[in-house]
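K.L.:
First, the structure itself, so that you have it in front of you.
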Amino acid sequence: MLLSNKVAIVTGGSRGIGRAIVEAFAAEGASVAFNYLKSEDKAVALKEQIETQGGKTLIFKRDVKNLDAMKKMVEGVKKEFGRLDVIVNNAGILKDKALMLMEEDDWGDVISTNLSGTFNLARAAIVTFLKQKAGNVINITSVAGITGMARQTNYSASKAGVIGLTKALAKEVGPYNVRVNAIAPGYTDTDMVQGLKDDFKKKVLEMIPLGRFGKAEEVAKAAVFLASDESKYITGQVITIDGGLSM
Ligand code: NDP
């Protein structure tokens, strides 16, 4: 198994891409902790599913917007599993609006969840990684952070910020054997995309060379690769998984 003996934290593991990453990591032998904000029932059901399959998992109802909560989560994971090898900053939200209608909270909530949330868990874990001279940060950004998307100035800015953070941190901590990479999904079939209007989804599908939305499991496969020693010379990169959309 690719992730035997590794301990990982995935943010936003209750649904969508985060859930698929939790499942894929557990299937490859990792002990996986994950947090969520609201979906308690889904988080508990996923924990039970993984434990029934013989995996080890921990769940935390913790907000990525809160640095102190992320520090406590890292401490809790180290106490229970004895170490920490990988973090996946996946939790994210959308509040799409044209800029002329965007309120300060629409901007602030998206930046503080998607960008500051990524800073918060990275900040909480980095000293552990530096001390053990090994660690792995995987940030889930978006094609919107590369190309920009209309009505998503807040989201595109947050995700472009995540790419900047990824590259800066990769340079900073590479000498300590800590790798930092990002995955940029295109439209992926989760609650986030199911919430889009039907005529918009139809237009988007016409722009995707592979002619379909991605699956959360397809993003999770890249996360497993980046978390594993199969990718140990890869750092500071953004892997795009978008069916060709951003070409
Ligand atoms: P979903 O909306 O399906 O799931 C979001 C997850 O994030 C949920 O588990 C949710 O928890 C959690 N979450 C949200 N806010 C917080 C918070 N403040 N603290 C802790 N957890 C939180 O999203 P996706 O799975 O589609 O997206 C996952 C990531 O992938 C996001 O970063 C997104 O921007 C990115 N992405 C998604 C794309 C897509 O097409 N789906 C495309 C490109 C990027 P809860 O269930 O408890 O609310």
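Since every read-out is calculated from the coordinates, none of them should be taken as a lab result. A quick note: this is a predicted structure, and the numbers were derived from the prediction, not measured. Heads up, the Cβs are rebuilt from the backbone with ideal geometry, glycines too, and the neighbour counts pull from every protein chain shown.
K.L.:
Taking the Kirkwood radius as the inverse of the mean 1/r across Cα pairs, report the Rg/Rh of the chain. Walk me through the intermediate numbers first.
P.N.:
Working: Rg = 17.1 Å, Rh = 18.0 Å.
Value, to two decimals: 0.95.
K.L.:
When N counts the residues of the range 117-190, how does its alpha-carbon radius of gyration compare numerically with 2.2 N^0.38 Å, as a ratio? Show your work: numbers first, answer last.
P.N.:
Values: Rg = 13.5 Å, N = 74, 2.2 N^0.38 = 11.3 Å.
It is 1.19.
K.L.:
Moving on to the next point. From the square roots a ≥ b ≥ c of the eigenvalues of the alpha-carbon gyration tensor of the range 89-158, which class results: rounded (a/c under 1.5), prolate (a/b over b/c), or oblate? Let's see the in-between values first.
P.N.:
Numbers: a/c = 4.27, a/b = 2.32, b/c = 1.84.
Verdict is prolate for the range 89-158.
K.L.:
Shifting gears a bit: When 1/r is averaged over all different Cα pairs and the result inverted, which Kirkwood radius in Å belongs to the range 1-113? Mind showing how you got there, number by number?
P.N.:
Numbers: mean 1/r = 0.0679 Å⁻¹.
After inverting the mean inverse Cα-Cα distance, the result is 14.7 Å.
K.L.:
Which of Ala170, Ala223, Val64 sits closest to the plus end of the dipole of the chain, meaning its Cα is farthest towards the positive end, when Lys and Arg get +1 and Asp and Glu get -1 on the C-beta?
P.N.:
Of the candidates, Ala170 comes out farthest on the positive side.
K.L.:
Springs between alpha-carbon pairs under 10 angstrom, Gaussian network model over the chain: which of Glu104, Glu230, Glu172 fluctuates most?
P.N.:
Answer for the Gaussian network model of the chain: Glu104.
K.L.:
Going toward the positive end of the dipole of the range 7-240, with +1 on Lys and Arg Cβ and -1 on Asp and Glu Cβ, which of Ser156, Ile183, Gln132 do you reach last?
P.N.:
My answer, from the dipole projection, is Gln132.
K.L.:
Shifting gears a bit: Give me the base-10 log of I(q)/I(0) for the range 78-121 at each q in 0.17, 0.19, 0.33 Å⁻¹, Debye formula, one uniform scatterer per Cα, rounded to two decimals.
P.N.:
Here the Debye-derived log intensity ratios amount to -0.58, -0.66, -1.10.
K.L.:
Mind checking Rg over Rh on the range 147-204, alpha carbons, Kirkwood formula for Rh?
P.N.:
So for the range 147-204, dividing Rg by the Kirkwood Rh gives 1.13.
K.L.:
Using unit Cβ charges (K, R positive; D, E negative) and no other charged atoms, how large, in debye to the nearest 20, is the dipole of the chain about its Cα centre? Can you show the working numbers first?
P.N.:
Numbers: 33 positive and 28 negative charges, 119 e Å.
With Lys and Arg at +1 and Asp and Glu at -1, about 580 debye.
K.L.:
Please find, in a Gaussian network model of the chain (springs between Cα atoms separated by less than 10 Å), the residue of Gly214, Gly12, Gly82 whose mean-square fluctuation is greatest.
P.N.:
Gly82
K.L.:
Let me see the pair-distance distribution of the range 4-61: every alpha carbon pair, 10 Å bin width, integer percents in order.
P.N.:
28, 62, 9, 0
K.L.:
Given the pairs Lys167/Lys203; Lys6/Lys215; Lys72/Lys215; Lys56/Lys202; Lys6/Lys97, which span a C-alpha to C-alpha distance of over 29 angstrom in this model? Intermediate results must be reported in sequence, preceding the final value.
P.N.:
On the way: Lys167/Lys203 32 Å; Lys6/Lys215 25 Å; Lys72/Lys215 32 Å; Lys56/Lys202 40 Å; Lys6/Lys97 40 Å.
Going by Cα-Cα distance, Lys167/Lys203; Lys72/Lys215; Lys56/Lys202; Lys6/Lys97 fall outside the 29 Å limit.
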